[in-house]
1. Among the residues of segment 140-169, which ones are of a type in the set (D, E, K, R), outside any loop (DSSP other than H, G, I, E, B) and modelled with pLDDT under 95?
2. When you scan segment 91-118, how many residues do you find that are loosely packed, with under 13 Cβ neighbours inside 10 Å and either in contact with an Asp or Glu (Cβ under 9 Å, 6 or more places away or on another chain) or not in a strand (DSSP E or B) (or both)?
3. Surrounded by 18 or more Cβ atoms within 10 Å (Cβ to Cβ), out of contact with any Cys (no Cβ under 8 Å at 6 or more places or on another chain) and at pLDDT 95 or above - does that describe any residue in segment 51-64?
4. All but one of (1) outside any strand (DSSP E or B); (2) within 13 Å of the chain's Cα centre (by Cα) hold for GLY125, so report the exception by its number.
5. Please find, within segment 27-49, the residue that is surrounded by the fewest Cβ atoms within 10 Å (Cβ to Cβ) out of those that are of a type outside the set (Val, Ile, Thr), modelled with pLDDT of 70 or more and part of a strand (DSSP E or B).
Amino acid sequence: MTKRRSNGTAIRFARLVLCVGIVFALSGCLTSRVSIVNYGIFEAKPDKVQNASQTARGTVVSLNKFKFIEETTQVPAKVGTRFGLLFKSKKTGDVTVRIIHPPTTNPKTSKSRSVESWTQPCKAGEMQYGGFTFDEKWEVATGEWRIQIVDGEVILAEQIFTVAKSGSK
């Protein structure tokens, strides 16, 4: 006579279903934590320079006094262009701003990158900016640019831009 183990199997299956359900529920909570309010071309005043080792420049500049210029995903490939997204977080805590772009090389450091990232503190309900400014000619790279707001490896928000020379699409 063989003993049935269906009770133990049923318990393991129930645990598995519960774990999978929790993972899906948590991923839903994380992705809804951030909402994009606006995206496109902006003007802003530079504020503080911060070290950011995961960027080709080695620093990021925090900005204030934003002025929204145009909602667009088409970005002109020229020095001085500032583009990105404004977002709100439902929770207070750090996120990572990650920008994936065609390769650029800083001629001063010979550092090449196609991904830039930095940690950015967020306060619940406050407007935040994640974006890029073409401050130097070597930073202007045509092609697809992805600006992501990330928690760990979970993408909370993403906006894709196309950087192109004037007159080209």
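1. Of segment 140-169, the ones of a type in the set (D, E, K, R) are 144, 146, 151, 153, 158, 165, 169.
Adding the requirement that they be outside any loop (DSSP other than H, G, I, E, B) leaves 144, 146, 151, 158.
Hit for segment 140-169 is ASP151, nothing else.
2. Qualifying residue count, segment 91-118: 8.
3. No, segment 51-64 contains no residue that is surrounded by 18 or more Cβ atoms within 10 Å (Cβ to Cβ), out of contact with any Cys (no Cβ under 8 Å at 6 or more places or on another chain) and at pLDDT 95 or above.
4. (2)
5. Step one: list which residues in segment 27-49 are of a type outside the set (Val, Ile, Thr), which gives 27-30, 32-33, 35, 38-40, 42-48.
Cutting the leftovers down to modelled with pLDDT of 70 or more gives us 33, 35, 38-40, 42-45.
After this cut, where a residue has to be part of a strand (DSSP E or B) as well, the list is 35, 38-40, 42-45.
Details: SER35: 14, ASN38: 15, TYR39: 23, GLY40: 20, PHE42: 21, GLU43: 12, ALA44: 18, LYS45: 10.
Taking the candidates together, the pick is LYS45.
The values are calculated or read from the model by the stated rules, or taken from the named source; none is laboratory data. Here the structure is a predicted model, which means the values were calculated and not measured. Don't worry about glycine lacking a Cβ; one is built from the backbone with ideal geometry, like all the others, and counts go over all protein chains shown.
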